[in-house]
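K.L.:
Next up is a structure, given as structure tokens.
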Amino acid sequence: MKLNLSLYYFFFFASVAIYVIFLPSHLQQFGYSAKEIGVIFASLPITRFITPFFFTKKPITTGIFKVSIFISSIIPLLLYFNNFYIYLFLFIVLGVVYSINFPYIEAVAINKLKTHYGKTRLWGSVGFISVALGLSYFDFNIIVLYFILNLITAYYAYQFINPEISINKSFEKIDFLKEWQFWIALILLQISFGGFYNFFTIYNLNSGIPKEINGWLWSVGVLAEIIIFIYQYKFLTKNNSLFYIKLSLFITAIRWYGFYLFAGNILMIAILQTFHLFSFAIFHTATMLYLSNRYKNQTLAQQFYSGIGYGLSAFIGSVVSGYLYGENLFLYESLIVLIAFIILWGKK
């Protein structure tokens, strides 16, 4: 199972790298405006947020899982049709199938691997950085590559349609109120990432950091993420998962404030980028462990984590960062995460 999970994560996040890094420029080359590209890409996170609500009264069945895997494997073919509404439909469908497939496999992974989850999940980071760096040096038809990667991802996803692989399939509804501090903290953290994902490169360029250095600064964060995924199992068991969620929030607030304080300082920005091991890797694993312990309906809990954190919050963060952008951008983002830390601090 570990091998199949590792390969699934590798190819899934390799395809995500194409979606995040290269598809926007692909659409731009076809003559789409920034507003049109913005609308197309905003449709996926919003769909990821909405989809879990359709599974609050019934679980993801094997049939639904199979259909969603099949659709995810062929949907990239729609990229050959140069039409705004077809592209919009494509991203909406991707949002639906991603919201079904990925949380289900995440639930399987955390249920089976527990604190050793990170040693398998790191292959997703390897897949992402492989495509990010590989396509920077070699020319390849990204539609063909995206299609191939989705096919391979679907193949490994099918390996988890097995009666021997079981997770808690309780029909319990997700009670947001009993964990309201966690959900609000999650939303605020991911909103703060809007400034990082949308403007980190631009912010650095405006601060005098050369274009070539920016690629390596991004890579530092991913490499730190990979390293901590390998070793986090050694200490995640020493404190409860909520402790590491709080710690990750506090360190992320320091990270964003450091970007503001040391703007243009390559060495300090590189050091602060290593904090990504807390901002994402440790926070992500600790959150999955926390949700698997707090909610009986593990798959639905993972769906809402994905939908709220990387769907709704990502959308809001993207919009908010546009209004906050300026020399004080990361000061504001730091304050947002600090509020999240304060809200969660008193929770036992």
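The values are calculated or read from the model by the stated rules, or taken from the named source; none is laboratory data. Please read these numbers as outputs of a predicted model, since none were measured by experiment. Here the Cβ positions follow ideal geometry from the backbone for every residue, glycine too, while neighbour counts run over all protein chains shown. Areas reflect the complete protein model, heavy atoms only, side chains present, ligands, DNA and RNA absent. Shrake-Rupley method; radii C 1.70, N 1.55, O 1.52, S 1.80 Å.
K.L.:
From the list L338, L277, pick out the single residue that is at pLDDT 95 or above and out of contact with any Gly (no Cβ under 8 Å at 6 or more places or on another chain).
P.N.:
Selected residue: L338, the only one of L338, L277 that is at pLDDT 95 or above and out of contact with any Gly (no Cβ under 8 Å at 6 or more places or on another chain).
This table checks each residue for (1) within 30 Å of D175 (Cα to Cα); (2) of a type in the set (A, V, I, L, M, F, W, C); (3) out of contact with any Phe, Trp or Tyr (no Cβ under 6 Å at 6 or more places or on another chain).
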residue: L5; (1), (2), (3): yes, yes, yes
residue: A17; (1), (2), (3): no, yes, no
residue: I37; (1), (2), (3): no, yes, yes
residue: I50; (1), (2), (3): yes, yes, yes
residue: F55; (1), (2), (3): yes, yes, yes
residue: K66; (1), (2), (3): yes, no, yes
residue: F70; (1), (2), (3): no, yes, yes
residue: L78; (1), (2), (3): no, yes, yes
residue: F89; (1), (2), (3): no, yes, yes
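K.L.:
Could you please give the count of residues in the range 10-20 that are over 12 Å from the mean Cα position of the chain (by Cα) and open to solvent by less than 10 Å² (accessible area, probe 1.4 Å)?
P.N.:
3
K.L.:
Can you name the residue in the range 178-222 that is over 21 Å from the mean Cα position of the chain (by Cα) and of a type in the set (G, A, S) and is also most open to solvent (accessible area, probe 1.4 Å) among such residues?
P.N.:
Top of the filtered list is G208.
K.L.:
Right, here's the next one. Please work out if K57 is closer than 17 Å to G307 by Cβ, surrounded by fewer than 21 Cβ atoms within 10 Å (Cβ to Cβ), in contact (Cβ under 8 Å) with a residue 40 or more places away in the chain and over 19 Å from the mean Cα position of the chain (by Cα).
P.N.:
The answer is yes for K57.
K.L.:
Taking the range 60-93 as the region of interest, how many residues are in a loop (DSSP other than H, G, I, E, B) and surrounded by fewer than 17 Cβ atoms within 10 Å (Cβ to Cβ)?
P.N.:
The total comes to 4.
K.L.:
Which pairs have Cβ atoms under 6 Å, sit 6 or more apart or on different chains, and link a residue in the range 324-336 that is in contact (Cβ under 8 Å) with a residue 24 or more places away in the chain and within 13 Å of F199 (Cα to Cα) to one that is open to solvent by 50 Å² or more (accessible area, probe 1.4 Å) and in a helix (DSSP H, G or I)?
P.N.:
Partner pairs satisfying both residue conditions: L324/Y332; F330/Y260.
K.L.:
Evaluate the following for F89: is it modelled with pLDDT of 90 or more and not aliphatic (A, V, I, L, M)? Spell out the reasoning first.
P.N.:
Values: modelled with pLDDT of 90 or more: yes; not aliphatic (A, V, I, L, M): yes.
When the stated conditions are applied, F89 passes them.
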